[in-house]
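Q: First the structure, which I've put down as structure tokens, then a few questions once you've had a look.
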Amino acid sequence: MIVVGVLLALAAEAAWAERSDRLREQELLADLLEEFQENEARLLSDIEQNRTARAAASLWVEVMLGEVAVSRDSIGPLFIAGASDARFDPVTGALRSLVDGGELQLIKNDDLRRALAGWPDLAAEARLTANSWDNQRQSLNPVVLALEPGQPLTSGEEVAVRLAAESTGRVNRQLEALVDRVHDIIALIQSEMSR
């Protein structure tokens, strides 16, 4: 009788612990869903800002190559607009809390757990790529800013002008890949929340 009582108590305790873990997982999933939806909104906003900057950068290239004429006062602001691309700054509070608090194991879905664990590296890689392009653009700035718009350019100057403008468009490719990854993570979270 005592053994049966102990086994029942252990089973009840295990069931209670499982229920507590499931409730905590649901709380974590709700926080993660909100965080990744915010990251999706930020990414989409950054992509749109970068498209606008890319258009300005392309127009600046045409001006510098003499293909399009604009007022002299417009060239500087056009260059600045072309260099005003966004840098994705992810929201990471809920995920960081989950990992730092040692609660990642509460997420039962293996695919979701792996995706969450890999997310910080993907976001950091996007930032490093953007910084790399920024560094390249900044190294070209002294050359391209000294050029006179519409004047004949050497082949090296033309390459510098095109490279300075090209960096804006390249960042978006990586951000678009991050949007796809965020969509995958959101779908996994929503699937787990509906169980």
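Q: Taking a label point 7 Å from the Cα of Ala187 along the Cα→Cβ vector, which residues of the range 114-139 have an amide N closer than 18 Å to it?
A: Correct set: 114-119.
Q: If you don't mind, another one. Between Gln105 and Ile2, what length in nm is gained on full extension when 0.36 nm per residue of separation is reduced by their alpha carbon distance?
A: Additional length available on full extension: 33.7 nm.
Q: Let me ask something else. Considering only Asp89, Asp31, Asp110, give the residue with the highest GNM mean-square fluctuation for the chain, with springs between Cα atoms whenever their separation is below 10 Å.
A: Of Asp89, Asp31, Asp110, the Gaussian network model singles out Asp110 as fluctuating most.
Q: Set Lys and Arg Cβ to +1 and Asp and Glu Cβ to -1, take the dipole of the chain about its Cα centre, and tell me which of Met64, Ser155, Ala86 lies farthest positive.
A: Of the options given, the answer is Ser155.
Q: Would you kindly compute the Cα radius of gyration of the chain and its largest Cα-Cα separation (Dmax), both in Å?
A: Just the Cα atoms of the chain yield Rg and Dmax of 25.4, 98 Å.
Q: Let me know the charge dipole size of the chain about its Cα centre in debye, to the nearest 20, where only the beta-carbon of Lys, Arg (+1) and Asp, Glu (-1) is charged.
A: Working: 19 positive and 32 negative charges, 26 e Å.
Using Cβ point charges on Lys, Arg, Asp and Glu, the chain gives about 120 debye.
Q: Oh, and also: In nm, to one decimal, how far is the Ala117 label point from the Ala30 one, both placed 7 Å along Cα→Cβ?
A: My value for the distance between the label points is 2.7 nm.
Q: While we're on this one: Between Gln136 and Val91, how high is the FRET efficiency from 1/(1 + (r/R0)^6) when r is the Cβ-Cβ distance and R₀ = 22 Å? Nearest 0.05.
A: Computed FRET efficiency for Gln136 and Val91: 0.20.
Q: Taking the range 55-163, which trypsin sites (Lys or Arg not before Pro) meet the DSSP loop condition and have no more than 15 other C-beta atoms within 10 Å?
A: Of the trypsin sites (Lys or Arg not before Pro), the ones in loops of the range 55-163 whose Cβ has at most 15 other Cβ atoms within 10 Å are Arg87, Lys108.
Q: Where is the GNM fluctuation largest for the chain (alpha-carbon springs, 10 angstrom cutoff): Leu145, Leu44, Leu32?
A: Among Leu145, Leu44, Leu32, the largest GNM mean-square fluctuation belongs to Leu145.
Q: To the nearest 0.05, what FRET efficiency results for Leu147 and Arg170 with a Förster distance of 25 Å applied to their C-beta separation?
A: That pair, Leu147 with Arg170, gives E of 0.70.
Q: So what's the back-of-envelope 222 nm ellipticity for the chain, counting only DSSP H runs of four-plus at -39500 (n - 2.57) apiece and dividing by all residues, rounded to 500?
A: -29000 deg cm²/dmol
Q: Further question: Quick one: if the Förster radius is 45 Å, what FRET efficiency do Arg195 and Val159 give, using the C-beta to C-beta distance and rounding to 0.05?
A: 0.20
Q: Most fluctuating residue of Val99, Val63, Val91 in a GNM of the chain with Cα springs under 10 Å: which is it?
A: Evaluated over the chain, the most mobile residue of the options is Val99.
Every read-out reported here was derived from the displayed coordinates using simple, explicitly stated rules and does not represent laboratory data. Remember, predicted model here, so these are calculated numbers, not experimental data. Because the Cβ atoms are built from the backbone with ideal geometry, glycine has one as well, and the counts that use them run over all protein chains shown.
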